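Shown next, in structure tokens, is the structure this report addresses.
The values are calculated or read from the model by the stated rules, or taken from the named source; none is laboratory data. All of these numbers come straight from a predicted model, not from anything done at the bench. As a convention, Cβ positions derive from the backbone with ideal geometry for all residues, glycine included, and neighbour counts pool all protein chains shown.
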Amino acid sequence: MAQPLVKKDDDRDDEADYSPFLGIEKGAVLQEARVFNDPQLDPRRCSQVITKLLYLLNQGETFTKVEATEVFFAVTKLFQSKDIGLRRMVYVMIKELSPSADEVIIVTSSLMKDMTSKTDMYRANAIRVLCRITDGTLLTQIERYLKQAIVDKNPVVASAALVSGIHLLQTNPEIVKRWSNEVQEAVQSRAALVQFHALALLHQIRQNDRLAVNKLVSSLTKGSVRSPLAQCLLIRYTSQVIRESANNNQAGDRPFYDFLEGCLRHKAEMVIFEAARAITELNGVTSRELTPAITVLQLFLSSSKPVLRFAAVRTLNKVAMTHPMAVTNCNIDMESLISDQNRSIATLAITTLLKTGNESSVDRLMKQITNFMSDIADEFKIVVVEAIRSLCLKFPLKHRSLMNFLSNILREEGGFEYKKAIVDSIVILIRDIPEAKESGLLHLCEFIEDCEFTYLSTQILHFLGIEGPKTSDPSKYIRYIYNRVHLENATVRAGAVSTLAKFGAMVDTLKPRVFVLLRRCLFENDDEVRDRATLYINTLGGDGAVVETGEDVKEFLFGSLDIPLVNLENSLKNYEPSEESFDINSVPKEVKTQPLAEKKAPGKKPTGLGASPAGPPSTVDAYEKLLSSIPEFANFGKLFKSSAPVELTEAETEYAVNVVKHIFDGHVVFQYNCTNTIPEQLLENVTVIVDASEAEEFAEVASKPLRSLPYDSPGQTFVAFEKPEGVPAVGKFSNMLRFIVKEVDPSTGEAEDDGVEDEYQLEELEVVAADYMLKVGVSNFRNAWETMDADCERVDEYGLGPRESLAEAVNAVINLLGMQPCEGTEVVPNNSRSHTCLLSGVYIGNVKVLVRLQFGLDGPKDVAMKLAVRSEDEAVSDAIHEIVASG
Amino acid sequence: MELCPLIKNILLLDSEGKRIAVKYYSDDWPTNSAKEAFEKAVFAKTQKTNARTDAEITMFDNYVVVYKFVQDLHFFVTGGENENEIILAAVLQGFFDAVGLLLRGTVDKKEALENLDLILLCLDEIVDGGIILETDANVIAGKVASHSMDAGAPLSEQTITQALATAREHLTRSLLK
């Protein structure tokens, strides 16, 4: 911990600030550089000046173009001197100045002379300098020397040439690739570092030729590599080969695993660790393969070197995410690391333990963590809080001690991010573990009594307003909330008033008391707080009597705005004050999908307060709401299923359109989500013309055009079809987007008055059998299967023909049927030759369907399948067979 | 995917976090102020730790930083998030020990500044454009110190005693100037 800083001895105090560069000034040093031009060079003096120049550059000083050029030309004069020390400084200086192409020419001949010098140090350094500053045209001239240098008997020269080759490969690959033979020879060098550099270059030359890399790895893994660094490289190349061959080689032992395992017994720690890490990162690593790697990492855990402990615990932490059981053996060593001086190691150890711990060890662990929390920084605490949250979700029975822990640390000192992490965790636990709700809410209440962060206070108040009234004794929260009205800033006070109103609306017995409290707020100084109080007193109505609150009032208080806020914001920005008032119905309801952004941040979980407390409404609910708000579709009955969006355009086209298929009992509605990606255009009256000639059973009944589609603000248009009731009709539809396009002046955003009618061809869309199947799982497949009438069972066998793999065949059938795989049977173990898959679902007409699929490999690639279907209706069982037979 | 171990930077700071000599091999810090911000943050994060007997290590902004302190000198080596920590530690040890050899055991800020040319050459011999050139302190110090050797003497035949002798000679010289 706090280690006394460097002792400042008294006798040194007076010269503590002494530095040979004290008061150094660029201008003066540039003046000094004139000695480079002296006819009689003083090497020592020149060296000192170069050091000063380098010192200036190192401190962040910059030279102007003129200054740099001047210095560069002066420095080139120094090649006249034979002093080796000075020459070394000249090399470094030239690299630092990174001269321009026309300047390079000046030194080229000097450097080329050095490159062929008898002095190894000259050769090595001249190669590095020349390759650094050259622009490629020169390269052909010196190529011959470089090839020689690669196989030079002096390792420093060889390394210099090889490393330069690695850099040059980026800019001049075709030249460097011609050195392959020399590089290959250098791989066999007896000098460790030469071998390392040669291997790195050879691999980079061949990296796009998978076969060559394979050959390289297989020959070298037989053991001719001496340098530990080269061995580390070889391990990395080997894992790459394993990764790339894994896809088409499912049978037999993993190639090269023995090599990796052998490296675990290497002399050098860096190789042992590299191999252990490589093994833990193998795709689909088995516990048998993991064991030896975990064993060496465990040894590292008790090493005296912090770097080894850190490396091991960081790797084990990663393994714990996927194979917690494999790491449990290390738990004892891991626990002793909690008190490690290095807090990074301690934090990693704790979070690993939290991942591998079982229910019985939680309490003990929590005790250790409590001591630990007081002396780590916020950033580590956040990591621990997140680990505890997932632990609590894993062991809900332990919520009491974990919730207590969270509330304790919530009371301690900490910055905003840390506090937010704790509050978010408590909110998530309240949401997911019902038993934790009351204690969690009280902890939050206590927190806002003394919370310095307005944001957190208002968020908690909002959350209280939603969850509080549903608890067994809502009245106990009122005090906490009303205290906020007294003691806080205006933003929090306004939030507290809204929360009070929610309690009043939901809990009829509390209404009179809430009324009294709200009345007091009418004398507020702050406009917003006072306005809210007035508004709520009027909406709650009833003059403070115990009366039931009307539905519409509740809707007003609790109902979520069913429009994305971003869209509302956009629309409000575009709205210009006029006679016509702002119409909230004109705001597009389509949520902009951001699949890319989500992929980029896989680690980011939705945090508690940001997400709505009841969890985001499922998309089906959202669709149902949307569709029922359209009068044309209101009488279609209950929505059976909505498909995932299907893209009808290529990515990055002018107009992006995808379609969602909504299946009703007797109708199908296509919802076309359109986005206009051209800033200079405004589309109006957008419709999709659907040709259903290849879908005989469907008849178009209605279509709802989109009035206007401005740039980058998605909108929807709908087309509805009638189909025979309860029949899973299928068919193909071709689509044409038709619209009136108006030019928009991008500077003003105003559209021209006249538009031109235009069309845009979209891709075809299909209604398939799977659209009529809902994915509904069953908890116990066997029970469900047994209880289903065996008379409605239909069994048949199918040949699926040659398939890439068994897993691929299984997936294909699951997708074809659109059913929910049960009991994890959608996963096909590696190398298996047969597989049973269980599926369940609900077919249109609310008929439960269970499917048992048995797959077998017939010959090398041919897949055969036995399909057994049970459902409540034998016609449906037949229909399932029909789907498979025609698919 | 980059498979070759890469060094992002090597830093030598004083006990207040000020630069003695630094070398960046990556474009992650394009400006001097970005570099200074990084150095400041690294220094603040490691300042209170005890890295005097063994090299210490920390994670920082998706970089792995290994470091070791002696007197009023702070040595750092930075690598990417997925770099093998032990390789980084080997580079740090090479740098640290080579500086120790070149400064003949008196390793402190004053001595380092007075022999800044040796330190800069040392950095130049350890890593080239991010690729590790050498991690053996004796070899590194030998290469740096060789610069007052006779032009004809091949480096490979030069023993470490000779290397130290030249280093010593250089030192006396710099003290006398």
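The table for this structure:
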read-out: Matching option when the condition is crowded, with 24+ Cβ neighbours inside 10 Å and at the interface with chain A (Cβ under 9 Å from one of its Cβ atoms), among B:V139, B:V77, B:V144, B:V99; value: B:V144
read-out: Residue count, region A:111-132 (criterion: within 12 Å of chain B (Cβ to nearest Cβ) and not charged (D, E, K, R)); value: 9
read-out: Residues being at pLDDT below 85 and closer than 17 Å to A:K723 by Cα - total across region A:667-682; value: 0
read-out: Residues located in region A:49-99, provided they are within 11 Å of another protein chain (Cβ to nearest Cβ), within 46 Å of the chain's Cα centre (by Cα) and not in a helix (DSSP H, G or I); value: A:Q59, A:G60, A:E61, A:T62
read-out: Candidate set from region B:30-64 (those that are facing chain A (nearest Cβ under 10 Å) and assigned to a strand (DSSP E or B)); member that is modelled with the lowest pLDDT; value: B:F60
read-out: Evaluation of B:I20 against (1) at the interface with chain A (Cβ under 10 Å from one of its Cβ atoms); (2) at pLDDT below 90; (3) crowded, with 17+ Cβ neighbours inside 10 Å; (4) farther than 14 Å from A:V307 by Cα (one fails), failing number; value: (2)
read-out: Elements of type helices (runs of 4 or more DSSP H) in region A:504-606, at least 2 residues being closer than 30 Å to A:P631 by Cα, at pLDDT 65 or above and not assigned by the TED database to the domain that holds A:E750; value: A:551-558, A:565-574
read-out: Some residue of region A:318-331 being within 13 Å of chain B (Cβ to nearest Cβ) and modelled with pLDDT under 90; value: yes
read-out: Where A:V151 falls short, out of the listed (1) away from chain B (no Cβ under 14 Å); (2) at pLDDT below 90; (3) over 24 Å from A:F273 (Cα atoms); (4) more than 35 Å from the chain's Cα centre (by Cα); value: (2)
read-out: Scan of region B:58-91 for residues that are closer than 19 Å to B:T46 by Cα and touching a residue at least 60 places away in the same chain (Cβ under 8 Å), ordered by number; value: B:L73, B:H74, B:F75, B:F76, B:V77, B:T78, B:G79, B:G80, B:L88, B:V91
read-out: The one condition in (1) more than 10 Å from chain A (Cβ to nearest Cβ); (2) under 30 Å from A:N317 (Cα atoms); (3) part of a helix (DSSP H, G or I) that B:A89 fails to fulfil; value: (1)
read-out: Of all residues making up region A:359-383, the number that are under 22 Å from B:A41 (Cα atoms) and either touching a strand residue (DSSP E or B) at 6+ places or on another chain (Cβ under 8 Å) or of a type in the set (V, I, T) (or both); value: 3
read-out: Looking only at region B:110-122, and only at residues there that are more than 8 Å from chain A (Cβ to nearest Cβ) and in contact with a strand residue (DSSP E or B) (Cβ under 8 Å, 6 or more places away or on another chain), the one that is surrounded by the fewest Cβ atoms within 10 Å (Cβ to Cβ); value: B:A112
read-out: Residue in region A:180-202 that is modelled with pLDDT under 90, over 25 Å from A:L139 (Cβ atoms), among the hydrophobic types (A, V, I, L, M, F, W, C) and out of contact with any helix residue (DSSP H, G or I) (no Cβ under 9 Å at 6 or more places or on another chain) present; value: no
read-out: Set A:I150, A:I142: member being in contact with a Leu (Cβ under 7 Å, 6 or more places away or on another chain) and closer than 20 Å to A:R190 by Cβ; value: A:I150
read-out: Wholly enclosed strands (runs of 3 or more DSSP E) of region A:676-734 bearing at least 2 residues in contact (Cβ under 8 Å) with a residue 40 or more places away in the chain; value: A:681-694, A:699-704, A:715-722
read-out: Top-ranked residue of region B:1-17 - restricted to ones that are more than 14 Å from B:K109 (Cα to Cα) and more than 8 Å from chain A (Cβ to nearest Cβ), ranked as surrounded by the most Cβ atoms within 10 Å (Cβ to Cβ); value: B:I7
read-out: Condition check for A:K742: among the basic types (K, R) and touching a residue at least 40 places away in the same chain (Cβ under 8 Å); value: yes
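For (1) within 38 Å of the chain's Cα centre (by Cα); (2) surrounded by fewer than 21 Cβ atoms within 10 Å (Cβ to Cβ); (3) within 12 Å of another protein chain (Cβ to nearest Cβ), each residue gets a yes or a no:
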| site | (1), (2), (3) |
| --- | --- |
| A:P155 | no, no, yes |
| A:S159 | no, no, yes |
| A:V163 | yes, no, yes |
| A:L169 | yes, yes, yes |
| A:V187 | no, no, no |
| A:R190 | no, yes, yes |
| A:A200 | yes, no, yes |
| A:H203 | yes, no, yes |
